[in-house]
Amino acid sequence: MPSVLGIVGSARRNGNSEMMVRVALEGAVASGAQTEILRLTDFDIKPCRGCLSCVLKDQDCPQGDDAEFVLGKLLTADAVVLGVPVYVLSPAGSVKMLLDRVLMAEHIAPGRSRSPRPAAAIVTLGRSDDWIGFSVPLLSSTLLCAGFWIADTLVAPAPGPGEILLERDVVERSRAIGRDLLSTERRFPSEDTRCPICFGEAFFLRGDGQVECPICLVQGEVIGRRGEKALIRFDADYPTRHRFVPHLMEDHMHNWVRASQPRFLARLDTIRQARAPFKDKPVDWVKPPAR
Ligand SMILES: Cc1cc2nc3c(=O)[nH]c(=O)nc-3n(C[C@H](O)[C@H](O)[C@H](O)COP(=O)(O)O)c2cc1C
């Protein structure tokens with residue numbers, strides 16, 4: 001039986017993110033999946049220390065917290081529904097804490113982040129779209145970096161905990177997302193108002209007049225409008241050239257992240273000389289208050 005993992009990024013019990021994820025999982029159960037749900041804030045997920053032991057030495061993370069466990073759940077699920085509130089124009093920090101640890105993926109479950117599986121990103125927020133910021137593409141990037149492709153996204157506006165349940169259309173959309181998640185066929189539309197990979201609506205305007213998704217690097221040109229939004233025709237080769245194509249991600253890990261170590265070591269003497277003047281200079285570090 002295929003497994004669908006629900007992940008809630010809000011600490012609020014019975015909150016909107018939890019409700020949306022639970023409704024989506026009900027839809028997944030109705031279509032024959034087995035489900036599990038976890039709340040990110042129940043787990044001890046510490047900040048990444050930037051030591052790169054996981055990537056460079058294929059070692060367990062020295063933080064010794066729950067990140068490996070949670071990422072293991074994410075990487076072994078057949079599909080994922082991630083529901084997170086917008087906090088100050090971005091997804092809540094619980095998700096970013098997890099995303100910062102995603103470099104461990106290959107150490108935890110070799111090859112899984114190169115085996116594409118469907119995921120849905122649900123963003124809950126207090127106001128309608130004008131206080132959403134970059135939340136959708138940032139949430140999607142967490143899933144894309146873990147090897148998922150985005151089957152659907154849902155923006156669910158309601159401020160109070162559980163208030164979203166009064167929005168019947170949104171609730172039914174969430175249920176349908178869960179129901180269809182494992183059977184949704186992956187599509188690569190040639191035109192849309194959103195990035196076809198992360199579903200974000202924010203694009204860089206390039207000097208050559210093309211627009212580019214800053215998350216996925218999909219490029220295209222504005223060819224008209226659909227309602228209030230610009231309609232973009234994407235470059236035909238984007239399905240094989242966007243940032244999250246598995247072999248391009250592997251190339252980045254191999255030729256950039258892992259290759260940074262020999263480059264660094266080759267320049268270490270010069271770097272040490274450049275650092276030397278800082279070594280014995282007194283610095284007034286602000287100390288955390290005593291508890
Ligand atoms: C610290 C904080 C920051 C918030 N920032 C935003 C925001 O930038 N835009 C917005 O539309 N709603 C914002 N909200 C409202 C929440 O996104 C909204 O209430 C959401 O439904 C909460 O989901 P939850 O019940 O799953 O926690 C914020 C709420 C909090 C507590």
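The values are calculated or read from the model by the stated rules, or taken from the named source; none is laboratory data. As the structure is a prediction and not an experimental result, all values here were calculated from the model. FYI the Cβ positions are ideal-geometry reconstructions off the backbone, even for glycines, and counts take in every protein chain you see.
For the reader, a short list of remarks on this structure follows.
- Check on residue 209, among the small types (Gly, Ala, Ser), outside any helix (DSSP H, G or I), surrounded by fewer than 19 Cβ atoms within 10 Å (Cβ to Cβ) and touching a strand residue (DSSP E or B) at 6+ places or on another chain (Cβ under 8 Å): yes
- Within the option set 167, 172, being at pLDDT 95 or above, more than 20 Å from residue 29 (Cα to Cα) and either surrounded by fewer than 17 Cβ atoms within 10 Å (Cβ to Cβ) or out of contact with any Cys (no Cβ under 8 Å at 6 or more places or on another chain) (or both) holds for one residue only, 167.
- The lone criterion from (1) touching an Asp or Glu at 6+ places or on another chain (Cβ under 7 Å); (2) within 16 Å of the ligand (Cβ to nearest atom); (3) closer than 15 Å to residue 119 by Cα left unmet by residue 20 is number (1).
- Of residues in region 30-62 being of a type in the set (S, T, N, Q) and more than 18 Å from residue 109 (Cβ to Cβ), the one farthest from the chain's Cα centre (by Cα): 31
- Listed by first and then second residue, the pairs linking a residue in region 101-121 that is over 20 Å from residue 84 (Cβ atoms) to a residue that is outside any loop (DSSP other than H, G, I, E, B) and basic (Lys, Arg), with Cβ atoms under 9 Å apart and 6 or more places separating them unless they lie on different chains, are 106/112; 106/114.
- Matching residues, region 36-62, being assigned to a helix (DSSP H, G or I) and among the acidic types (Asp, Glu): 42
- Figure legend. Inter-residue proximity from region 183-208: first residues over 20 Å from residue 139 (Cα atoms), second residues among the acidic types (Asp, Glu), beta-carbon distance below 8 Å, spacing 6+ or different chains. Indicated pairs: 206/212.
- The residue list 80, 29 contains one member that is among the β-branched types (Val, Ile, Thr), touching a strand residue (DSSP E or B) at 6+ places or on another chain (Cβ under 8 Å) and under 25 Å from residue 252 (Cβ atoms), which is 80.
- Some residue of region 244-258 being surrounded by fewer than 15 Cβ atoms within 10 Å (Cβ to Cβ) and either assigned to a loop (DSSP other than H, G, I, E, B) or among the aromatic types (Phe, Trp, Tyr) (or both): yes
- Residue, nearest to the ligand (Cβ to nearest atom), within region 109-130, restricted to residues that are at pLDDT below 95 and out of contact with any Pro (no Cβ under 9 Å at 6 or more places or on another chain): 130
- Candidates 154, 89: the one that is surrounded by fewer than 21 Cβ atoms within 10 Å (Cβ to Cβ), among the aliphatic types (A, V, I, L, M) and within 10 Å of the ligand (Cβ to nearest atom) is 89.
- One residue stands out in region 24-53 among those that are closer than 14 Å to residue 82 by Cβ and of a type in the set (A, V, I, L, M, F, W, C): the one that is farthest from the ligand (Cβ to nearest atom), namely 28.
- Flag for residue 199 being surrounded by 19 or more Cβ atoms within 10 Å (Cβ to Cβ), of a type in the set (Phe, Trp, Tyr) and farther than 22 Å from residue 112 by Cα: yes
- Taken over region 212-228, the criterion of being surrounded by 15 or more Cβ atoms within 10 Å (Cβ to Cβ) and of a type in the set (Val, Ile, Thr) is satisfied by 215, 218, 222.
- When restricted to residues that are part of a helix (DSSP H, G or I), under 22 Å from residue 151 (Cα atoms) and of a type in the set (A, V, I, L, M, F, W, C), region 82-130 contains 5.
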